[in-house]
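Worksheet: one structure, shown below.
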Amino acid sequence: MDIKVIVGILLGVLTVSPVLAGSLASKIGDYMPSLDELGVELKGAVGVAVISSPDYSGSADNSLSLLPVLIASYKDKYYFKVKRAGVWLYSTDDRHLKLGLAIEPRGGYGAGDSDILSGMGGRETSLEAGVALYWRTPIGVLLEASYDTDISSTADGNSANLKVSVPFYRNQSLTLAGSAAVEWLSRNVVNYYYGVIPSEATVFRSAYSPGSTFNYTLAFISEYRFDEHWRLISGASLRRLGDESAESPIVTDRYQKLGYVGLGWGF
C-alpha cells in the first residue's frame, strides 16, 4: 500500500464527520495522487480514526468521534471514497491528468446540534454532482478542481472547489504534506445552511439572508508506514469561513479547527 491509499483514507476521515460532510467540501488536508500506482483492478483501504471536529459548521465547540472509513477504486476509473463516488471519463496514458464526474452529499444539521440552533428548522442533507479535474504536475504538486450543483433541489445552489497539495518531506517510513484550498458557495447554498428565516428569528437570533461566499482552508498531514500494509495517519486543518457565512447569527467561530489520528490497512 502506498501513500495514495492512506491519503484516500484521510479524505474519507475528513469528509464523513457530520459537520464536515459538506461544510468542508474543499476536501482539506490530503496530498492524494490517487490510487494509480497500485496496479490491480480492485484496490482500496479500510481504516478507523479519532477525529475532533466542530459540532456544526460555524460552531466554536468541537466533539470527538470514532469513524470507520472505506475507500475503493476499480480499474483506476470508478471510485468510492466514503461518501464521494465518481468516474473518470478521460485520462492521459500516465494518468497524471483526469477529467470526470462525481457525486457527493452536503451534510445538514438539526436544531439539537447546539443551543444556538434551538427553535430552528433542520437543514437537510443535499446531493451534489458535477465535473471534476485531477492533475498531478511534473514537479509533484497536485491540483484538484470541481464544480457541483445540487441535484436534490434541497439548497438549489452550486459550489466550486480548487485545492493545491504539496508533499514536502518523504523517506522510507515518513511522509509529510500540506494543502491549501478555496471553496466558493453560491447564494442559495450559503442562505440555506447559514441563513435564518424570519420564522426562526428571536430576540437573540436575528433573521439573516446571506449571499455567496468564499471559504479558505489550510491543512497538514503526516503518515508513518509500519510495513507494506499498516500506516499511522494524523493531521490538522484550519478553515476560515467567508464573510457571508461568518456573519450569520448561528456562527460562533469563523475559524473551524479539526484534528485527527487514525490507523489504516490497504488491500
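Just so it is clear, none of the values below were taken in a lab; they were calculated from the coordinates. Bear in mind that the values here come from a model prediction, so they are computed numbers and not experimental data. Quick reminder, even Gly has a Cβ in these numbers, built from the backbone with ideal geometry, and neighbours come from all protein chains shown.
Structure remark: mean-square fluctuation, Gaussian network model of the chain, C-alpha springs under 10 Å; the largest value among 198, 54, 167 belongs to 198.
Dipole magnitude for segment 93-166: computed about the Cα centre from +1 point charges on Lys and Arg Cβ and -1 point charges on Asp and Glu Cβ, it is near 280 debye.
Across segment 3-266, the mean sequence separation of Cα contacts (distance under 8 Å, 6 or more residues apart), normalised by length, yields a relative contact order of 20 percent. Neighbours of residue 192, meaning other residues whose beta-carbon lies under 15 angstrom from its beta-carbon, give a summed charge of -4 when Lys and Arg score +1 and Asp and Glu score -1. Of the peptides 110-119, 95-104, the order by per-residue mean of other Cβ atoms within 10 Å, starting with the highest, comes out as 95-104, 110-119.
The dipole here belongs to the chain: it is taken about the Cα centre, uses +1 on the Cβ of Lys and Arg and -1 on the Cβ of Asp and Glu, and is about 380 debye. When the listed pairs 43/257; 98/257; 83/257; 83/163 are checked against a 24 Å cut-off, the alpha-carbon distance exceeds it for 43/257; 98/257. Amide H to amide H, with H built 1.01 Å from N, residue 213 comes under 5 Å of 185, counting only residues 5 or more places away or on other chains.
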